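The structure under discussion is supplied below as structure tokens; questions concerning it will follow.
Any read-out appearing in this document is the output of simple, stated calculations on the displayed coordinates, not a laboratory observation. Remember, it's a predicted structure, so these values are computed and weren't measured experimentally. Using ideal geometry, Cβ is built from the backbone for each residue, glycine included, and neighbour counts are taken over all protein chains shown.
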Amino acid sequence: MGIQERRKRERETRRHQIMVAAKNVFYQKGFSKSTMEDIARAAELSPGTLYLYFKNKDELYASLSLRVLQYLLIRLEEVEKQTDIKARKRLALLQEAIYDVYEFDPVIFVKMFHLQSGEAYPNLTSQLRTDISDLTGKSLQVLARLLKAGLTGQDIISQNYGKLAEMLWAFFSGVVLFEANKKMAGDKNGDLKATLKAALEIFFRGIQQI
């Protein structure tokens with residue numbers, strides 16, 4: 001192994017070390033109360049070293065969000081590969097996949113929506129914004145194809161499956177944030193899975209022609 005390759009691998013290892021530490025700190029203290037110093041301490045690094053990899057907490061959270069978006073794409077592609085199932089079953093698997101992505105990392109998932117819609121997003125590095133945009137775009141393309149496969153033959157209000165995919169993703173993010181806000185307000189009776197199931201049923205009924 002050459003010196004350059006070894007340094008690259010060491011840098012990737014250190015970056016992963018920081019992200020694992022950041023995730024643990026965010027889970028324990030919450031995003032707003034966590035500091036870069038807390039993360040550096042958890043990663044057993046100096047704050048100066050930490051800033052060589054990430055300039056602030058938002059970049060760390062955005063990097064963690066990429067894992068969620070990568071998993072989203074994987075789950076949607078898994079559903080798309082199942083070509084020998086009926087349309088109704090495909091839509092059911094799609095709903096399961098979407099919820100599964102939330103369960104993969106609930107805290108990061110919720111913060112991901114806040115990050116993408118907040119003031120911090122434009123301040124991320126161009127590479128992070130590009131990675132987030134590319135992964136989101138690829139997932140929406142697969143989602144559009146799944147909707148087309150699941151809704152073909154039904155009388156729906158639009159045949160623009162790309163727009164329907166965007167509407168569904170926005171609908172889903174709204175439900176997730178609503179339930180998260182209820183939880184923050186002290187509501188212990190929330191049930192995201194039940195709410196999501198009802199919301200998606202309403203969505204699919206709503207796009208049908210009356």
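Taking a quarter of the surface of the Cα convex hull of region 65-206, what do you get in nm²?
Orientation-averaged projected area of the Cα hull: 8.9 nm².
Based on the Cα atoms of region 1-54, what semi-axes does the equivalent ellipsoid have, where each is the square root of 5 times one gyration tensor eigenvalue, given in whole Å with the largest first?
The three semi-axes for region 1-54 are 25, 10, 7 Å.
Once you put a point 7 Å from the Cα of Asp84 and another 7 Å from the Cα of Arg6, both along the Cβ direction, what distance in nm separates them?
5.1 nm
Sticking with this structure for a sec: Starting from the Cα-Cα distance between Glu103 and Lys182, subtract it from 0.36 nm times their residue separation and give me the gain in nm to one decimal.
The Glu103-Lys182 span can extend by a further 26.7 nm.
In Å and from the alpha-carbon atoms only, list the Rg and Dmax of region 86-136.
14.4, 44
Here's a follow-up. Which cross-chain or sequence-distant (5 or more) residues have an amide H under 5 Å from the amide H of Ile156, H modelled 1.01 Å from N in plane?
The answer is Gln209.
Calculate, in nm to one decimal, what Gln17 and Glu201 gain on full extension: separation in residues at 0.36 nm each, minus their alpha carbon distance.
Computed gain between Gln17 and Glu201 is 62.1 nm.
For the residue pair Ser32 and Ala120, what label-to-label distance in nm results when each label sits 7 Å from Cα along the Cα-to-beta-carbon direction?
Between Ser32 and Ala120, the label points sit 1.2 nm apart.
Something else now. Positive end of the charge dipole of the chain (Lys, Arg +1 and Asp, Glu -1 on Cβ, about the Cα centre): tell me which of Ala165, Leu115, Leu64 has its Cα farthest that way.
The listed residue farthest towards the positive side: Leu64.
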